[in-house]
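Values in this text are rule-based calculations from the coordinates and carry no lab data. Just so it is clear, the structure is predicted and the values come from calculations on it, not from any experiment. So basically every Cβ, Gly included, is an ideal-geometry build from the backbone, and we count neighbours across all protein chains shown.
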Amino acid sequence: MIQAESIVRSTCPYCGVGCQVNLHIKDEHIYKVDAPFQVAPNYGRLCAKGRFGVDFVHHPGRLTMPLIRKDFGVTPRQPVGLEGFREATWEEALELAARRITEIHQQHGPAAFGTFASAKVTNEDNYVFQKFVRGVLGSNNVDHCARLCHAASVTALTIAIGSSAMSNSIAEMKDLDVFIVTGSNTTETHPVISTFLREAVVNNQAKLIVVDPRQIEMTEFAEVWLRQQPGTDVAIFQAMAQVIVAEELFNQEFIDARTEGFKDYAAAIMDCTPEWAAEISGVPAEDIRTAARLFANARTGAIYWGMGISQSVHGVENALSLANLALLCGHIGKPGTGLNPLRGQNNVQGCSDSGGLPHVFTAYQPVADDAIRAKFEQDWGTTLNPEPGLTVMEMVDAAASKIIRAYLIMGENPLMSEPDLRHSRHVMEQMEFVLVQDIFLNETSEYADILFPATSFAEKGGTFTNTDRRVQLIRPAVPAPGQAREDWAILCDLAKRVEILLGRPASIGFDYAHPSDIWQEMARLTPAFQGIDHARIQREDGVHWPCPTPDHPGSPYLFEDTFPSGRGVFTALDVRPGAELPDPEYPFILSTGRVLYHWHGGTMTRRSKLDDIYPDPTVEVHPLDADALGLADGQWALVRSRRGQIKVKTIVTERSPQGVVFIPFHFAEAAANELTLDARDPKAKIPDYKMCAVALEPV
Amino acid sequence: MTLTLTIDGREIHAPAGSSLMQAAQLADVDTPVICYHEATTPNGLCRQCVVEVDGWRVLAPACVTPAAEGMEVHTASERVTRARRTLLEMLNASIDLSQAPEIQQQMDDYQADRERFPGAERRAPAMLDDNPFYVRDYDKCLMCWRCVQACADDLQFTYALSTGGRGYNSHVTTFFDAPMPETTCVFCGNCVAVCPTNALISKTEIYLQQGLDYDSIRREKRNQRRAQDKKGGAQ
C-alpha cells in the first residue's frame with residue numbers, strides 16, 4: 001500500500017461549492033484526493049474533477065520561470081508558444097514590467113490600464129491586486145469573469161433586496177420542501193450541490209420544479225419540468241407570479257412587513273396569464289399553474305439558478321422575475337428558502353468580495369462613497385479615484401478605441417471566456433503592453449509581453465470564499481515548480497517597483513509576510529469580515545460572512561429581519577426577444593455551457609486525466625434536426641455563425657430541443673465563443689452566451 | 001427521552017433511538033466494524049460488530065440493533081470474541097485483505113489464525129480496468145455494499161452500481177455488467193472513498209504500487225491525439 005508522507009487539508013480549486021479536500025502527498029506529488037466526512041460543505045462527497053482532476057498541478061507545461069516575449073515591443077503582437085519567449089530572472093522581468101507600466105502611466109494616465117483580477121486565486125491575491133491597481137495606478141478599471149457569469153444576478157438582487165450573494169447555505173439543501181432549479185445544469189456544474197438537492201427529493205420528499213430548455217439530469221428528479229423555449233424565462237416566472245396573485249396564494253403578512261410596490265406590481269402583471277406565457281414559451285399553461293401553486297403553497301421554497309438565467313441580454317430581468325416570486329411568497333429570510341445564484345468558480349464570490357470589481361472596494365463598499373473612500377485613503381496613505389471603473393467588456397471597447405493601452409491579467413483567460421473571440425483577439429493584438437501572471441501558457445498568455453509564473457492552489461496559503469459565502473483555507477501541500485511565486489508576492493514586488501519609478505514619496509504598504517497579514521488588513525477595512533481571521537477558519541474549517549465580530553457565529557442564511565436595502569422591491573417586467581434570432585441563413589439557436597469533466601477554458605482540465613474521458617469538442621443536436629442535416633452521431637460538424645466557425649463532434653440526442661444546439665465552451669481548438677455574440681444586458685453589461693443564431697453542416 | 005441499559009457491567013444512559021453501537025460509544029467501548037461506515041446507512045451485513053445481549057438467542061449486530069430499556073449487553077464475551085475471530089478467518093480465507101489495514105489490525109487484535117481455512121475457494125475475478133480514473137479489483141471485495149450505497153441513496157444518487165449473483169457468487173457489478181463509462185457513473189469516486197479494502201482504487205495509486213513513476217503514470221492511457229501539447233511541451 002502507498003503511505004502518504006503528508007495529508008494536507010485544502011479547498012478544491014474547481015467550482016464554487018468549495019469542497020473541503022485532503023491532499024495525500026508522496027514524493028512532492030498529490031497522488032490521491034479524498035474528503036473529510038464530518039466537514040461542511042461537502043461532507044465527504046466529491047466529484048470527478050475534485051477527486052481525480054487536480055493532476056494538472058504536476059503537468060510539465062507548468063510555467064517555472066519568468067518569461068519575456070522575444071519580439072518585445074513589436075505591434076501588432078501575435079500569439080506565440082513557449083518558443084516565442086525567453087527565460088528571464090525575476091529581477092529583470094519585474095523591472096521591465098514596472099518600467100513599461102510606469103511609462104504608460106506617465107504618458108496616458110490611469111485610464112490607460114485595463115486589469116483582470118481572478119476568480120481562481122485567493123482573496124488575499126485579489127485584495128493585493130486591486131490595492132495595486134487602485135492605490136498605485138489610480139484606476140478602478142478592475143473586473144473579472146464574474147462579469148461574464150453572474151453580473152446580471154448581482155445587479156438584479158441589488159435592485160430587489162440590496163444584496164448580491166446566495167442568501168442561504170448548502171447545508172440547508174437536504175431539508176428543502178419545494179425548490180426551483182432553473183438555468184442550472186446542477187449535476188454537471190455544481191456536482192456536489194446536486195447530490196444534496198437530489199437527497200432532498202429522494203430521501204426527504206422535497207418537490208423539485210425544473211425550468212430549463214434542456215433535458216438535464218435534474219429533470220429525472222423533478223415533480224414538474226417546464227421546458228421553455230430559450231430566452232422566454234421572464235414569461236414563465238411572471239406567469240407563475242400572476243397565478244399566485246390571481247389565486248391569492250401570496251404571503252400577505254410578508255408582503256406587508258417586508259416589501260413595497262406590491263399593488264402596482266400585481267396590477268401590472270394581471271394580463272400575464274399562463275395562457276399568455278404558453279404562447280411565448282411553448283410550456284403548457286396548466287404546468288405553469290401547477291408549478292406556481294406548488295411553490296406558493298410550500299412550507300419553505302428555495303430558488304437555485306445558474307448561467308441560464310444570467311447570461312442573457314435580459315439577464316437582469318430574468319433574475320428579477322425570480323426575486324418577485326420569492327418576495328410574493330415570503331420564501332426568503334428563513335432556512336431552506338432564498339434566492340440562490342450558484343456561483344461558478346472556486347473563488348468568484350471571494351474575488352468580488354475582495355474588491356475585484358470596478359465600482360466597489362471589499363465587501364461591496366462603493367468607491368464613489370466619500371466616507372468609504374476616505375477610510376481606504378487613510379489606511380493606505382494615498383488619494384483614490386472616485387470614478388467607478390470599466391467592466392470587462394467595456395474594457396475591450398476602451399482598448400479597441402485606444403483609451404486602454406495596457407492589460408494586466410492575473411489568472412484569467414479572457415481569450416476563451418469573452419464572446420466574439422475574433423474581435424477580442426484583434427483588440428489584444430493592438431495593445432501596447434500585456435502583462436500576465438498564470439500557471440500555464442494559455443490562449444491569453446500567448447499574447448503576453450511578460451509572463452510571470454504563479455503558484456497553483458496546492459502550493460500556497462490563503463482563502464477561497466465559496467458560493468454560500470463560506471471563507472475557507474487553502475494550504476501549501478507541494479513545492480512550487482521552478483521559480484513560480486504566489487500571486488500576491490509577485491504583485492507586492494511589482495507594486496513597490498512601480499511606486500519608486502513613479503516617484504511616490506511613500507509606499508501604500510506591500511510588505512506582507514504571510515497571506516494572513518493581508519487578510520488582517522482586509523478585515524480591518526471591511527466590517528462584514530471583521531470577525532474572521534485565518535486562525536478562526538483553521539479552528540472552524542470555514543466561516544460564512546457577514547461575520548462582524550469574533551464571537552459572531554457567521555451567517556449561513558441572510559435577511560431574517562430585514563433586507564440590506566430595507567424593503568424588498570417588486571419589478572413588473574417586459575418580455576423582450578433575444579439579440580439574434582434564427583433565420584433561414586442561420587436556422588439554429590446556439591446555447592453554450594459546460595460539461596461535467598471539463599472546466600471553463602480548459603487550462604486545467606485539458607491537462608488532466610479528465611481529458612481522457614471527454615477529449616473532443618461536441619455539439620448536441622436533436623435527432624430530427626440531425627436527420628434533416630444528414631448528421632450522424634459521432635460525425636464531425638461545421639458550426640457557423642456571423643462571427644466565426646468551429647468544427648465539433650456531433651452528439652445526436654433529445655437532450656436539447658429541436659431547433660436548439662448546445663456546445664460546451666472548454667475546447668480551445670473549437671472555442672464556442674468564436675460563434676457567440678457580444679450583445680449585453682444593458683444594466684449588468686453581461687454578454688448573452690445562451691442565444692445566438694448558427695448554421696450546421698456535416699464535414 | 002433516554003434509555004438506561006448496561007454495557008459490560010456499566011450503566012449507560014443513551015438517547016432513545018440509539019443503536020447499540022452508539023450506546024457502546026457512550027461507554028467508551030469501540031466496536032470493531034467492517035461494513036459499517038459513518039457516511040452510509042448501517043445494514044448489519046458483515047456481523048463483525050456483534051454483541052451478546054442477555055436473553056437473546058443470537059448475537060446482535062450493534063450497528064443496526066436499537067438499544068432498549070434494561071438491556072444487558074456484553075461486548076467482549078467469549079462468544080462475541082470467537083464470532084468475530086472466526087468471521088475474520090473466513091473472510092481472510094477467500095478474499096485478498098492485504099490492503100485493508102483496519103481489518104489486518106482486527107486480525108491481530110482477535111488473534112485470528114490467517115491459515116485456518118487453507119482449502120477455501122478464493123475469490124479471484126479479473127481486475128476491471130475500463131475507465132481513466134479507477135479500477136475495480138474484486139478479489140479484494142468483501143461485499144460490504146458501501147460502494148453500492150454510496151452510489152445510491154447515501155451519497156451520490158447516481159445508481160451506477162448494484163449487486164449481482166447469489167450466495168457465494170454474489171458480487172458488486174453494474175446493470176448488465178456494463179463497463180463503467182457505459183453506465184450512469186459520473187466518476188465522482190465516492191465509492192472509492194468508502195471502500196475498506198482497496199478493491200476500488202484510483203489508477204494513480206495502483207500504478208504507484210506497481211512501481212511506475214509519476215511521469216509514466218501521467219502518460220499512461222493519454223489521448224494519443226494530444227501526445228504533443230503545443231502549449232507546454234510533451235504530455
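So which lysines pass the test for A:Lys70, namely a Cα distance under 19 Å, with those fewer than 8 places away in the same chain ruled out? Straight-distance partners of A:Lys70: B:Lys230, B:Lys231. Short-range pairs are left out: with C-alpha atoms under 8 Å and at least six residues apart, the relative contact order of the stretch B:134-222 is 33 percent.
Sorted ascending by nearby beta carbons within 10 Å, beginning with the fewest, B:Asp215, A:Asp438 become B:Asp215, A:Asp438.
Distance from the Cα centroid of the stretch A:207-262 to that of the stretch A:537-584 is 18 Å (rounded to whole angstrom).
Which FRET efficiency, nearest 0.05, do A:Gln252 and A:Asp551 yield, Cβ-Cβ r, R0 35 Å? Write out the running numbers ahead of the final one.
Numbers: r = 37 Å, r/R0 = 1.07.
E between A:Gln252 and A:Asp551, to the nearest 0.05, is 0.40.
In this rough spin-label picture, where each label sits 7 Å from Cα along the Cβ direction, the A:Lys375-A:Lys26 distance is 5.1 nm. The label point for B:Arg219 and the one for A:Asp561, both projected 7 Å from the Cα toward the Cβ, are 6.6 nm apart. Straight-line cross-link partners of A:Lys402 among the lysines, defined as a Cα under 16 Å from its Cα and at least 8 positions apart when in the same chain, are absent.
Compute, for the stretch A:378-464, the length of the dipole vector about the Cα centre, with Cβ point charges of +1 (Lys, Arg) and -1 (Asp, Glu) only. Units Debye, rounded to 20.
80
Dipole magnitude for the protein assembly as shown: about 1160 debye, using +1 per Lys or Arg Cβ and -1 per Asp or Glu Cβ, origin at the Cα centre. Each Lys and Arg adds +1 at its Cβ and each Asp and Glu adds -1 at its Cβ; summed about the Cα centre, the stretch B:134-222 shows a dipole of about 100 debye.
Couplings 3J(HN,Hα) of the stretch A:146-159, computed from phi: 4, 4, 8, 10, 10, 4, 5, 5, 4, 4, 5, 5, 5, 5 Hz, in residue order, whole Hz [Karplus 6.51 cos²θ - 1.76 cosθ + 1.60, θ = phi - 60°; x for Gly and Pro].
Need one value for A:608-617: mean number of C-beta atoms belonging to other chains within 10 Å of its residues' C-beta atoms. Show your work: numbers first, answer last.
Numbers: counts 2, 13, 3, 6, 8, 7, 1, 5, 2, 0.
Per-residue shielding by partner chains comes out at 5.
Spatially, the stretch A:129-189 and the stretch A:50-95 are offset by 31 Å when compared through their Cα centroids. The spacing between the stretch A:585-605 and the stretch A:348-425, judged by their C-alpha centroids, is 26 Å. Computing FRET efficiency as 1/(1 + (r/R0)^6) for A:Asp627 and B:Asp153, where r is the C-beta to C-beta distance and R0 is 35 Å, gives about 0.35.
Normalised by the number of residues in the stretch B:1-116, what is the relative contact order in percent for Cα pairs under 8 Å and 6+ residues apart? Show your work: numbers first, answer last.
Numbers: 189 pairs, mean separation 28.9, N = 116.
Reported as a whole number, the value is 25 percent.
Residues within the reach of a label modelled at B:Asp139 (point 7 angstrom out along Cα to beta-carbon, backbone nitrogen below 17 Å), restricted to the stretch B:82-103, are B:91-100. Listed cross-link partners A:Lys49/B:Lys203; A:Lys647/A:Lys685; A:Lys26/A:Lys460; A:Lys120/A:Lys496; A:Lys32/A:Lys609 are compared with a 22 Å cut-off, the Cα-Cα value being larger for A:Lys647/A:Lys685; A:Lys120/A:Lys496. Applying both filters, DSSP loop and at most 16 other Cβ atoms within 10 Å, to the trypsin sites (Lys or Arg not before Pro) of the stretch A:250-345 gives A:Arg299.
Of the chymotrypsin sites (Phe, Trp or Tyr not before Pro) found in the stretch A:58-91, those that fall in a DSSP loop while having at most 14 other beta-carbon atoms within 10 Å are A:Phe72. Assign one of three labels to the stretch B:89-202, namely rounded, prolate or oblate, based on the Cα gyration tensor with a ≥ b ≥ c the square roots of its eigenvalues; rounded applies when a/c is under 1.5, prolate when it is not and a/b is larger than b/c, and oblate otherwise. Verdict is prolate for the stretch B:89-202. For the protein assembly as shown, the residue among A:Thr195, B:Thr65, A:Ala235 whose Cα projects farthest onto the positive side of the dipole built from Cβ charges is A:Thr195.
Using the rule -39500 (n - 2.57) for each DSSP H run of four or more residues, divided by the residues of the protein assembly as shown, the 222 nm mean residue ellipticity is -8000 deg cm²/dmol. Throw me the Rg/Rh for chain B, computed over C-alpha atoms with Kirkwood Rh, two decimals. Taking Rg over the Kirkwood Rh, I get 1.06.
A simple spin-label model places pseudo-atoms 7 Å from Cα toward Cβ; at A:Arg86 and A:Arg99 they are separated by 1.3 nm. The alpha-carbon of A:Lys263 sits under 22 angstrom from the alpha-carbon of none of the lysines, leaving out residues fewer than 8 places away in its chain. Legend: ranking of residues A:Ile7, A:Ile663, B:Ile95 from fewest to most surrounding C-beta atoms inside 10 Å; resulting order A:Ile7, B:Ile95, A:Ile663.
Across the options A:Ile686, A:Gly602, A:Gly338, the greatest Cα extent toward the positive end of the charge dipole of chain A (unit charges at beta carbon of Lys, Arg, Asp, Glu) belongs to A:Gly602.
What FRET efficiency would be calculated for the residue pair A:Asp175, B:Glu38, taking the C-beta separation as r and a Förster radius of 25 Å, to the nearest 0.05?
Details: r = 19 Å, r/R0 = 0.78.
Calculated value: 0.80.
Give the longest segment of chain A that steers clear of GluC sites (Glu not before Pro) in DSSP loops with at most 16 neighbouring Cβ atoms within 10 Å, not counting the sites themselves.
Working: sites that count: A:Glu5, A:Glu28, A:Glu223, A:Glu247, A:Glu248, A:Glu560, A:Glu585, A:Glu654.
Maximal segment without exposed cleavage sites: A:249-559.
Exposure proxy ranking for A:Trp545, A:Trp276, A:Trp636, based on other Cβ atoms within 10 angstrom of each Cβ and starting from the fewest, stands as A:Trp636, A:Trp276, A:Trp545.
Ranking B:Cys188, A:Ala268, B:Pro32 by Cα position along the charge dipole of the protein assembly as shown, where only Lys, Arg, Asp and Glu carry charges on their C-beta atoms, puts B:Cys188 farthest toward the positive end.
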